[in-house]
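Working notes for the structure below.
The values are calculated or read from the model by the stated rules, or taken from the named source; none is laboratory data. Owing to the predicted nature of the structure, the values given are computational and were not obtained by experimental measurement. Glycine gets a Cβ as well: all are built from the backbone with ideal geometry, and neighbour counts include every protein chain shown.
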C-alpha cells in the first residue's frame, strides 16, 4: 500500500526526464499508473465488502507520535477507487487536451503529485500524516489553478483558493492536535472507537469548531464557497479532477471519517445540517444563475458538497447510505460533465453557454454523453444519480433535526439542479446553431473516453445497483458509523414520498429551464447582495486590509538603514534580557575575580583599539583597529585554553580584513553623515549592550542553574564520539544537526552575496 | 584587479598555496582528536586561495579551481547531508555516527567514520561559500 501511495510521487518526480522522450504519447502512458492502481485497489473489494480492513504502519517520526499509517476500509476504498479511476481518465484526457502545449510536463508533474497526495489523505490512519497530505493537496491545487500563471485572473484565483483552504487548514491543524490530545492517540482507527470520551470532554466544542472550519473551507461550504468557482481558471481536466471529483471532497471525507468520533451531538447536527443545507441551495441557485459552462458545473459541485455535509449532519443510517451513494453518483457524473465541458471549450473556443447552440450535429457523441451524465445530475431514472437523490430525500424526510426545513431546501435544490442540468446538456446542443470562435467538430477519442466510461458507469450502476454492491456500499457507509450499516440500493422503491418529490422537482425544473432566459434576468437583480456584498467581497476587503497594514508597517520596520536595524535588535535584546535580569537576579553579581597582569594588558589593548575604531577618520584605520579587536579576543580564547576557537577567530579576522579591503576601494570618500546627537544615541545603544553583556556574565558566574553539560561531553567524548577533541566531537557528532543548519546558512549567505552583486551588475543600478 | 602585480606576492602565493592546502587537510584530519576540524581547515584553505587571487587575479584563480566555487559549496552540503544517511540505513536514528577502525598494513589502526565525511562536507562548504563571496566581490570591483 505504501508503494501505491508513493508511486504517484515517484512518477511525478520522473516526469521531467520522461517527458522529452514520450512527447505526444505521454498522457496515455502516464495514465497506466492510475489505471494499475485502480486495479490494485479493486482487488481489495471482496475483502472490504466482507468487512475486513487492511492496515499498515511504518514509524516516521516516532518521537512525535507520527507514523505513516494506512488504513483501508470501505470509505477509504471508495475514495481510493474514485481517485485512481477518475485520475486515469483525466490523465488520458489531459494528454489530448494539452496537445502540443510546452507546459505539458509541468502539468503531469503536478497532477500526479496531487493524485498521490489525495490517495495519502484518504488512506492515512494518522491525524498528522493526514494533515500533511491535506496541505499537499492544497499546494498542488494552488499550482494547478495557477497553471496559466501569466494570466492575472488565474493567479488571483489560485491565491484565493490557497488562502481560504490553507487558512482553514491552520484551524484544522489546531483541531486535530486538540483531538489527538483529548483521545490520547493520533491513530484515527483508535480515535473513532473513543467517541463517548471525546464527545464528553471539555475541549469537545472548540475542537469540533476548528475541525469543521478546516473541512468547510476545503469543501467550499457557505460562506467559503466563493473560491471554488474561481478555481475554474484551472485547465478543465484539473477542474474535473480536483475541483469536483476529489480534492473538494476531502472536507466531507474528513467529516465522514470523524463522524463516529465527533458526530451525533447537537452542535454537530445543527451546524452540519444548516451549513450543508444553505450551501446546497446557494450552489444550486448560483448554478442556474451562471452562463459559463464551467461555472454552472462548479456551482452544482458546491450544491453537491453542501448535500454531503448536510447528510453527514443528519447522521442517521439512511443518511450515511445516501452519503455514499450520492458521493459515488456525483463523482461519476460531475467528472464526466467537466470533461465534456472541456471538450466543448476545446472545440468551440468559448466557455459561454449563450454563445453555443445546435452543436449536436457537429458533435453527436458529445451530445449523447452530455445527456447521459446530465440525466444523472438531474436525478432522473435509470441513472445512478437518481438512486442517490432518492436516498437523500428519504434521509432528509426522516431527519431528526429540522427535517421539514431540510426537505424544503432539498426540493428547491432539486428543481434548480434539473434546470441546471438542462442548461448544461440541452442548451449547447439544440436550438439554432450559432457561430463559435472555432468551427466545431467531434473531440478526439482520448477526450471522449473519460465521459464515456463515467457515463456508462452512471447508467450501469443505476440499472443494476448490485454492481457497486450492497455489501460494498454498506461497508463504506459503515465507516461513518460505530454500528454496522445494512444498505440496499434499488432503482424502484415503490410509490413513495421521495418519488413524488422527485417528480415535482423534475416538473419544476423543466418549467424553469424553459424560461431560463427570463429567470436569469430576474436573478440578476439579486446580484448586488449576493456578489458585491457577499463573502467574496469580505475576502477582498480582508486581503486589502492586510496589504494596507503591511504597507504601513513595512516602512517603519524595513527602512533600509543598517544602523537602525542594529539598534532595534540591540534594544530588543537589552529590554528582554535586562527585564529578566532585573526581576529575577537582583544584587548577586560576582565579585573578587582574579585578573592577571597580562590579561589586563590585552583588555586595555582591546579598549584602545575599540575607541580608535570609533574615532578614526580613515577607513583603513578603522578596518585595522577592528582587526586588532578581533586578534585580542582570539588571544583571550587562547589564554583560556580554547585553541579551536582561537584559531577560528584568527582566521575569520584575517578573511574579514581581506573582504573589507576588497570593498574598501569601492566606497566613496569618508564623510561624516551623522550628527553629534545621533552619535550620542548610537553610543548609548552600544553602551547599553556592553553593560548588559557584562552584567549577564557577572551574574552567570554567580549562578549555577544546572550541572554543566561540559562534564558529560568530556566524559563521553572518546567512548561515544571516538574523538579526543571535544569541540570537534560536539560540532560533527553531538550537535551535527545544528552544524548542518549552520553550513546551510553559510552557503545561503554566499548565494545571497553572489546574487546581490550579480543583480547590481546586470542592472548597472545603484541599489540592489 | 588590473593593477600591476607584485612579483614578491606572486612568488609567495605560488609557494604558499600548496603548503596552506596541505596544512588545511592536516587540520581537517586531525580535527577529531586535536585542535582543528572542518571549519578551521576550510578557512585555512580559503585564505590560501584568496592570497592566490590577490596575486594572480580572478581568471587565474578560477582556472586553478577548475570548478565554480558555488558547486564546491553545493558538493559540501550534499556530502554533509549524505553523511546523515548511514544511521537510518542501519536502522538507527539519523545522525548516529558510524565508525570503522580497520587496521591497514604499514599504517596501523585507522579511524574512519561518518563524522569525518560530515566534516569534509563542512570543509568544502566553507571553502565554497567564502570563495563565492570573495570572487563575487573581486569581480564587482573590476
**Fill in**
(1) under 30 Å from residue B:46 (Cβ atoms); (2) surrounded by 13 or more Cβ atoms within 10 Å (Cβ to Cβ); (3) more than 14 Å from chain B (Cβ to nearest Cβ) all hold for residue A:668 apart from (2)
**Request:** Please find, within region B:1-32, the residue that is nearest to residue B:138 (Cα to Cα) out of those that are at the interface with chain A (Cβ under 9 Å from one of its Cβ atoms) and in a helix (DSSP H, G or I).
**Result:** B:27
**Condition check for residue B:80: part of a helix (DSSP H, G or I), buried (at least 22 other Cβ atoms within 10 Å of the Cβ) and facing chain A (nearest Cβ under 7 Å)** = yes
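Yes/no matrix, rows are residues, columns are (1) touching a helix residue (DSSP H, G or I) at 6+ places or on another chain (Cβ under 8 Å); (2) part of a helix (DSSP H, G or I); (3) under 15 Å from residue A:354 (Cα atoms):
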residue	(1), (2), (3)
A:432	no, no, yes
A:441	yes, no, no
A:489	yes, no, no
A:521	no, yes, yes
**Message:** Which condition from (1) over 20 Å from residue A:747 (Cβ atoms); (2) facing chain A (nearest Cβ under 7 Å) is the one that residue B:58 breaks?
**Reply:** (2)
**Item:** Scope region A:696-723; condition surrounded by 13 or more Cβ atoms within 10 Å (Cβ to Cβ) and part of a loop (DSSP other than H, G, I, E, B); matching residues
**Value:** A:722, A:723
**Request:** Return a yes/no flag: does region A:47-57 have any residue that is farther than 23 Å from residue A:443 by Cβ, without any contact (Cβ under 8 Å) to a residue 24 or more places away in the chain and not in a helix (DSSP H, G or I).
**Result:** yes
**Fill in**
Of the residues in region A:735-744, those that are assigned to a helix (DSSP H, G or I) and either on the phi > 0 side of the Ramachandran plot or within 10 Å of chain B (Cβ to nearest Cβ) (or both) come to A:736, A:737, A:739, A:740, A:742, A:743, A:744
**Request:** Spot the failing condition for residue B:88; the list is (1) surrounded by fewer than 18 Cβ atoms within 10 Å (Cβ to Cβ); (2) within 10 Å of chain A (Cβ to nearest Cβ); (3) at pLDDT below 85; (4) in a helix (DSSP H, G or I), and only one is missed.
**Result:** (2)
**Asked** Does residue B:118 satisfy the condition of being within 10 Å of chain A (Cβ to nearest Cβ) and either part of a helix (DSSP H, G or I) or at pLDDT 85 or above (or both)?
**Response** yes
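Are any of the residues in region A:506-514 farther than 15 Å from residue A:415 by Cα, out of contact with any helix residue (DSSP H, G or I) (no Cβ under 8 Å at 6 or more places or on another chain), modelled with pLDDT of 85 or more and in a helix (DSSP H, G or I)?
No, that holds for no residue.
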**Request:** Using the structure shown, decide if residue B:71 is more than 8 Å from chain A (Cβ to nearest Cβ), within 23 Å of residue A:758 (Cα to Cα) and in a helix (DSSP H, G or I).
**Result:** yes
**Request:** Go through (1) farther than 23 Å from residue B:27 by Cα; (2) more than 14 Å from chain B (Cβ to nearest Cβ); (3) not in a loop (DSSP other than H, G, I, E, B) one by one and return the number of the condition residue A:663 breaks.
**Result:** (2)
**Complete:** Of the listed residues (B:93, B:35), the one being modelled with pLDDT under 85, buried (at least 16 other Cβ atoms within 10 Å of the Cβ), assigned to a loop (DSSP other than H, G, I, E, B) and touching a helix residue (DSSP H, G or I) at 6+ places or on another chain (Cβ under 9 Å) is B:35
**Prompt:** Out of (1) part of a helix (DSSP H, G or I); (2) surrounded by fewer than 19 Cβ atoms within 10 Å (Cβ to Cβ), the odd one out for residue A:101 is which?
**Reply:** (1)
**Prompt:** Based on what the data block shows, is residue A:638 within 14 Å of another protein chain (Cβ to nearest Cβ), over 30 Å from residue A:730 (Cα atoms), surrounded by fewer than 18 Cβ atoms within 10 Å (Cβ to Cβ) and in contact with a helix residue (DSSP H, G or I) (Cβ under 9 Å, 6 or more places away or on another chain)?
**Reply:** no
**Asked** What do you reckon, is residue A:732 surrounded by 13 or more Cβ atoms within 10 Å (Cβ to Cβ), farther than 20 Å from residue B:35 by Cβ, at the interface with chain B (Cβ under 7 Å from one of its Cβ atoms) and without any contact (Cβ under 8 Å) to a residue 24 or more places away in the chain?
**Response** no
**Message:** Just checking, does region A:681-694 include any residue being away from every other protein chain (no Cβ under 14 Å), in contact with a helix residue (DSSP H, G or I) (Cβ under 9 Å, 6 or more places away or on another chain), assigned to a helix (DSSP H, G or I) and closer than 23 Å to residue B:48 by Cβ?
**Reply:** no
